[in-house]
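The values are calculated or read from the model by the stated rules, or taken from the named source; none is laboratory data. Everything quoted here is computed from the prediction, not taken from an experiment. Ideal geometry is used to build each Cβ from the backbone, glycine not excepted, and the neighbour counts take in all protein chains shown.
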Amino acid sequence: MSSPRFPRRLVLSLVMALGIASLTTGLAQNAPAATAAPASETTTAAATAAVAFADEFDGPAGSAVDGGKWLTETGDNVNNHERQYYTAGTSNAALDGQGNLVITARKENPGNYQCWYGKCEYTSSRLNTSGRFTSTYGHVESRMKIPRGQGIWPAFWMLGADIGSVGWPNSGEIDIMENVGFEPGMVHGTLHGPGYSGSGGIGAGYSLPGGAAFADAFHTFAVDWAPGSITWSVDGTVYQRRTPADLNGNRWVFDKPFFLILNLAVGGYWPGDPDGSTSFPQKLVVDYVRVTTGEASSGGGPITGLAGKCVDVAGGAAANGTAVQLYDCNGTAAQKWTVGSDGTIRALGKCLDVASGGTADGSLVQLYDCNGTAAQKWATPAAKDIVNPQANKCLDVSGGSSANGARLQIWTCTGAANQKWTVTR
């Protein structure tokens, strides 16, 4: 993290649609050190991971991106003093017919576009999934080949979907990858939120070994995002992990839905403007974008316990607050549970939840909308306990009863049979 960082981005057509006056972000100037991770540590999606979003960019050469997945933004960005105008259509963003999306920055202005500094000198493209796809947690990944040159600024990032109501930086921003052209061998990953935005963002850089440049080959950029933690990797090598402890007492705003953004900027406070060494056009070539979760693609399986009976959603109802109970195993959807890498246990599209976030013995367990709180986080150790770490208590059959309809609760872990569970993954 050797160079100064400045506020950088503005959501363009989205901002206008939401009525947001301004939105700027940036990388960290004096961020705390990242949580240590061994250089050899790698991150992989679970073999059973469910694909929540995928675009492989297959299609005829010259065709547009899938409008059902991506919104194309238009306009310029005065906040960061970027030089490009983001256009609609396929001139600056199109499929190449070989399974890639190509975002192209050009030194041109065929539409006589006007920018904050006068007649625009460059065009490019910016795409986002707002209103089309959001995710809370998961493995978010893209394989891409970035461009090169002074003043060139590609990025793959996310914004909180509540930006229209809470504004930036309260919405939060997760920068999965960004590169500035004067650092050809380095990319950055950063968090922005209330009290740590713009030049105060929390993040770290990753450099390729041997002085290699990212523009010379495709690389895979990813985050693994779970309640209370975000971990960055390049080509499977982890280089930083962030938790609320890194925010100097500021608020963690990353346990809610976010949408994806891909863009290629030209110029701006952080990268500086292009100069005589910068050639055009420059291309960001994207092989794919994928978001996977820890939920089993098979639709889940039973969790069996006392007397060989199953964890069951009463009446098969998906309403918030529906009781979770013990019941004869019957193979219905009310007994098919997925154990996610994000710590959740889910059925019927909702989460296993400790009512009112209780931590006391006897706090009942229910079904509820997944919301990322500690009341919905569970650990499943080899001892066959299912533990709520917030309470440090075990999933328990009330009264040790094996009768159909016996309520499930949390209770101090005792090792008794009414706290032992077999999770089918």
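A few remarks follow.
- Residue within the stretch 299-307 that is surrounded by fewer than 22 Cβ atoms within 10 Å (Cβ to Cβ), in a strand (DSSP E or B) and either touching a residue at least 24 places away in the same chain (Cβ under 8 Å) or within 31 Å of the chain's Cα centre (by Cα) (or both) present: yes
Matching residues to (1) without any contact (Cβ under 8 Å) to a residue 40 or more places away in the chain; (2) closer than 20 Å to residue 92 by Cα; (3) touching a strand residue (DSSP E or B) at 6+ places or on another chain (Cβ under 7 Å); (4) among the charged types (D, E, K, R):
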site	(1), (2), (3), (4)
120	no, yes, yes, no
127	no, yes, yes, no
132	no, no, yes, yes
138	no, no, yes, no
143	no, yes, yes, yes
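- Every condition in (1) among the aliphatic types (A, V, I, L, M); (2) surrounded by fewer than 24 Cβ atoms within 10 Å (Cβ to Cβ); (3) in contact (Cβ under 8 Å) with a residue 40 or more places away in the chain is met by residue 208 except one, and the failing one is (3).
- Qualifying residue in the stretch 328-341 (condition: surrounded by fewer than 18 Cβ atoms within 10 Å (Cβ to Cβ) and within 19 Å of the chain's Cα centre (by Cα)): no
- Failed item, numbered, when residue 404 is tested on (1) surrounded by 13 or more Cβ atoms within 10 Å (Cβ to Cβ); (2) polar (S, T, N, Q); (3) in contact (Cβ under 8 Å) with a residue 60 or more places away in the chain: (1)
- Evaluation of residue 227 against the conditions (1) within 25 Å of residue 376 (Cα to Cα); (2) surrounded by 24 or more Cβ atoms within 10 Å (Cβ to Cβ) shows that the sole unmet condition is (2).
- Residue count for the stretch 132-171, restricted to those that are outside any strand (DSSP E or B) and either farther than 13 Å from residue 261 by Cβ or among the acidic types (Asp, Glu) (or both): 15
- The C-beta contact set for the stretch 211-227 (first residue in the same structural domain as residue 180 (by TED's automatic domain parsing) and free of Cβ contacts under 8 Å to residues at least 40 places away in the same chain, second residue in a strand (DSSP E or B) and surrounded by fewer than 21 Cβ atoms within 10 Å (Cβ to Cβ), distance under 9 angstrom, 6+ apart or interchain) comprises 216/145.
- In the stretch 253-265, the residues that are in the same structural domain as residue 230 (by TED's automatic domain parsing) and on the phi > 0 side of the Ramachandran plot never reach a residue that is outside any loop (DSSP other than H, G, I, E, B) and modelled with pLDDT of 95 or more with C-beta atoms less than 9 angstrom apart, at least six apart or across chains.
- Among the candidates 23, 71, 18, 14, residue that is in contact with a helix residue (DSSP H, G or I) (Cβ under 9 Å, 6 or more places away or on another chain), of a type in the set (A, V, I, L, M, F, W, C) and modelled with pLDDT of 70 or more: 71
- Restricting the stretch 369-401 to residues that are surrounded by 20 or more Cβ atoms within 10 Å (Cβ to Cβ) and not in a loop (DSSP other than H, G, I, E, B), the residue that is farthest from the chain's Cα centre (by Cα): 397
- Here residue 239 meets the list (1) in a loop (DSSP other than H, G, I, E, B); (2) at pLDDT below 95; (3) aromatic (Phe, Trp, Tyr) almost entirely, failing just condition (1).
- Near pairs, Cβ below 7 angstrom, 6+ apart or cross-chain, from the stretch 178-192 (touching a residue at least 40 places away in the same chain (Cβ under 8 Å) and on the phi > 0 side of the Ramachandran plot) to any residue that is crowded, with 19+ Cβ neighbours inside 10 Å and not hydrophobic (A, V, I, L, M, F, W, C): none
- Taken as a whole, the stretch 415-425 holds at least one residue that is over 27 Å from residue 52 (Cα atoms), aromatic (Phe, Trp, Tyr), assigned to a loop (DSSP other than H, G, I, E, B) and more than 28 Å from the chain's Cα centre (by Cα).
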